[in-house]
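Report on the following structure.
The values are calculated or read from the model by the stated rules, or taken from the named source; none is laboratory data. Here the structure is a predicted model, which is why all the values come from computation and not from measurement. Quick reminder, even Gly has a Cβ in these numbers, built from the backbone with ideal geometry, and neighbours come from all protein chains shown.
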Amino acid sequence: MIESFKDQISKKTDNELSDIFINNNKYQKEFVEFVELELKRRNLPIDSILELRKKNCQINDEFLSIGDKGSPIWIAFGFIGSLVGGIFAVFLGYSYAYSKRKNSLGKDFFVYDESTRKQGRIMFYLGLTIFGLAFLVNIL
């Protein structure tokens, strides 16, 4: 695999290598390490490229911190499901409320925006409560 990486990297242009190094979250860690070595071997300004990578990471972090908007259709289905005690709604609500993703440095960000997470928490707890009550009624 190492030889395969080295072959791929040696065939790439300076711009392609710089792009890989800047957008490192799209590639395997080992591949990016070999790209960095190749950039140094070619005497490219690694400090300038590293600065661009830091700025790119900041932009990505800002974008990730905003979060995605949840699907209105799935949210509606989730609330309907939670009202009838559907366990699906519990899982959907939990997913909307608590799902996270990591950036290239391993920092966690919520997948969904605050509004969607709030709706997800309501859906989760409402569905859990109704499912629990239905379960208790069936036992008694």
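So the values come out like this:
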read-out	value
Residue in segment 15-36 that is closer than 26 Å to residue 59 by Cα, assigned to a loop (DSSP other than H, G, I, E, B) and touching a helix residue (DSSP H, G or I) at 6+ places or on another chain (Cβ under 7 Å) present	yes
Hits in segment 85-112 - residues which are assigned to a helix (DSSP H, G or I) and among the hydroxyl-bearing types (Ser, Thr, Tyr)	94, 95, 96, 98
Scope segment 15-36; condition surrounded by 12 or more Cβ atoms within 10 Å (Cβ to Cβ) and over 23 Å from the mean Cα position of the chain (by Cα); matching residues	16, 17, 18, 34, 35, 36
Number of positions in segment 100-133 that are surrounded by 13 or more Cβ atoms within 10 Å (Cβ to Cβ) and either of a type outside the set (S, T, N, Q) or modelled with pLDDT of 95 or more (or both)	21
Residue within segment 121-135 that is of a type outside the set (Phe, Trp, Tyr), outside the structural domain of residue 28 (by TED's automatic domain parsing) and in a loop (DSSP other than H, G, I, E, B) present	no
Residue within segment 125-136 that is within 18 Å of the chain's Cα centre (by Cα) and without any contact (Cβ under 8 Å) to a residue 40 or more places away in the chain present	no
Counted residues, segment 50-90 - those being of a type in the set (A, V, I, L, M, F, W, C) and under 17 Å from residue 105 (Cα atoms)	6
Some residue of segment 63-71 being touching a helix residue (DSSP H, G or I) at 6+ places or on another chain (Cβ under 8 Å) and more than 30 Å from residue 19 (Cα to Cα)	yes
Filter result for residue 44 (surrounded by 13 or more Cβ atoms within 10 Å (Cβ to Cβ), out of contact with any Pro (no Cβ under 7 Å at 6 or more places or on another chain) and not in a helix (DSSP H, G or I))	yes
Filter result for residue 64 (surrounded by 13 or more Cβ atoms within 10 Å (Cβ to Cβ) and either under 13 Å from the mean Cα position of the chain (by Cα) or of a type outside the set (Asp, Glu) (or both))	yes
Test: residue in segment 1-14 that is under 22 Å from residue 101 (Cβ atoms) and either of a type outside the set (A, V, I, L, M) or within 27 Å of the chain's Cα centre (by Cα) (or both)	no
